[in-house]
1. Out of the residues in the range 298-332 that are basic (Lys, Arg) and assigned to a helix (DSSP H, G or I), which is farthest from the chain's Cα centre (by Cα)?
2. Restrict the check to the range 150-164 and report whether at least one residue is away from the ligand (no atom under 16 Å from the Cβ) and either in contact (Cβ under 8 Å) with a residue 40 or more places away in the chain or closer than 24 Å to residue 235 by Cα (or both).
3. When residue 169 is evaluated against the numbered criteria (1) part of a strand (DSSP E or B); (2) touching a helix residue (DSSP H, G or I) at 6+ places or on another chain (Cβ under 7 Å), which criterion, by number, is the only one it fails?
4. Determine the pairs where a residue that is in the same structural domain as residue 293 (by TED's automatic domain parsing) and farther than 18 Å from residue 199 by Cβ, located within the range 313-325, has a partner that is modelled with pLDDT of 95 or more and open to solvent by 60 Å² or more (accessible area, probe 1.4 Å) with Cβ atoms under 6 Å apart, the partner being 6 or more residues away or on another chain.
5. Looking only at the range 215-256, which residues are of a type in the set (Asp, Glu) and surrounded by fewer than 15 Cβ atoms within 10 Å (Cβ to Cβ)?
6. Residues in the range 19-41: is at least one exposed (fewer than 15 other Cβ atoms within 10 Å of the Cβ), touching a residue at least 40 places away in the same chain (Cβ under 8 Å), within 12 Å of the ligand (Cβ to nearest atom) and in the same structural domain as residue 77 (by TED's automatic domain parsing)?
7. Let me confirm something: among 137, 105, which residue is touching a strand residue (DSSP E or B) at 6+ places or on another chain (Cβ under 9 Å) and modelled with pLDDT under 95?
8. Would you please list the contacts, defined by Cβ atoms under 7 Å and residues six or more apart or on different chains, that run from a residue in the range 186-204 that is charged (D, E, K, R) to a residue that is crowded, with 16+ Cβ neighbours inside 10 Å and assigned to a loop (DSSP other than H, G, I, E, B)?
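The values are calculated or read from the model by the stated rules, or taken from the named source; none is laboratory data. Just so we're clear, the structure is a prediction, and the values are computed from it rather than from any experiment. Heads up, the Cβs are rebuilt from the backbone with ideal geometry, glycines too, and the neighbour counts pull from every protein chain shown. To get the accessible areas, we keep the full protein, side chains included, count just its heavy atoms, and leave off ligands, DNA and RNA. Shrake-Rupley method; radii C 1.70, N 1.55, O 1.52, S 1.80 Å.
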Amino acid sequence: MISAQTIVNQLIHQNAPYSPKTEGTAFAPVNIALIKYWGKRNNALNLPVTDSLSIGLRTLGTTTSIRLHQGQDIIYLNNERLPFDHPFAQRTSRYLDLFRRQPNDGFMVMTKNDVPTGAGLASSASGYAALVLALNDLFQWQLDKTQLSILARIGSGSACRSLWDGLVHWHAGQQDDGLDSYATPLVYQLPTLRIGLLTLSNKTKPVSSRIGMQQTVHGLSLYPAWKTMVDTHLTQITQAFEKQDINGIGKISEHNALAMHATMLSASPALCYFLPETLATLQTLWSAREAGLNCWATLDAGPNVKLLFEAETAHDVKKLFPDINIIQPFVS
Ligand code: PMV
């Protein structure tokens, strides 16, 4: 099995020049998957079973700055210094191990998320993308976006899609080393699309997506059907992009998200990220849709709901869900 360190050495240490600056900084946007990534063919390298497709939230994301320093890593999350044994600090340090020249090389990382951390709002995607971009800035690697996408994917799978705004396609790839598993931006623009974030809970999810995926993929579940469904949804959503058909995009996205949650529910033990508020929100949405509202939902590995709709529907959606945070992912 090829290790993450081997890939990093291949991409960086053997090729790129070493001339660190005092500090590297970067911003990366949150991405919301319309066709979800759920299930890995390789856990160490975060290689997915299927392709996936996302949309960047442009103004919401993670800003990270990083410096070299001697000794143990110092990690700040949202202006708060984390204890060394905090899970976020531990995971960040383990990832940073891949980039140390000497065992005693430490990093000071300051990271700020615009969305709650670990609550199924894709903060780890923007987090690892921002970290890789900040490292690239610090070390002056001058890697291209494909190489950065591969490095971000090793931190958190969906992070490979957070290097771009707009629509992004993550190609699952087939190689064992994962060098063909990275994201690329898509040309389609949807200036009238709006995404609404409904934060129903800020709590960190009880089961990480890493564990959740393993629980769903291994053992008896509906997972085999998921792969076929993703292929169909990818074809259908591409046709909807071509036609700028936001209602079609919403419909396919909702179907895809609920099918992903259905595979989780069909695992043993079952995995359910929904809270009662999640179901109540979906039922409110479905009733409103019966009454003519063109609005669709998508959900990740957490209880929060994201809505997809046309700009002209924003007023009605806001009336239904007054706490909604509406984002315009494409500039008009
Ligand atoms: O990249 P991870 O391990 O945070 O997994 C993300 C999984 C989903 O958010 C549920 C789906 C996706 O494609 O973003």
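1. Start the filter on the range 298-332 by keeping residues that are basic (Lys, Arg), which leaves 306, 318-319.
Now narrow it down to the ones that are assigned to a helix (DSSP H, G or I): 318-319.
Details: 318: 25, 319: 29 Å.
Among them, the one singled out is 319.
2. no
3. It is condition (2) that residue 169 fails.
4. Final answer for the pair search is 313/294.
5. 231, 242
6. Checking the range 19-41: not a single residue is exposed (fewer than 15 other Cβ atoms within 10 Å of the Cβ), touching a residue at least 40 places away in the same chain (Cβ under 8 Å), within 12 Å of the ligand (Cβ to nearest atom) and in the same structural domain as residue 77 (by TED's automatic domain parsing).
7. 105
8. Close Cβ pairs satisfying both conditions: 194/328; 203/119.
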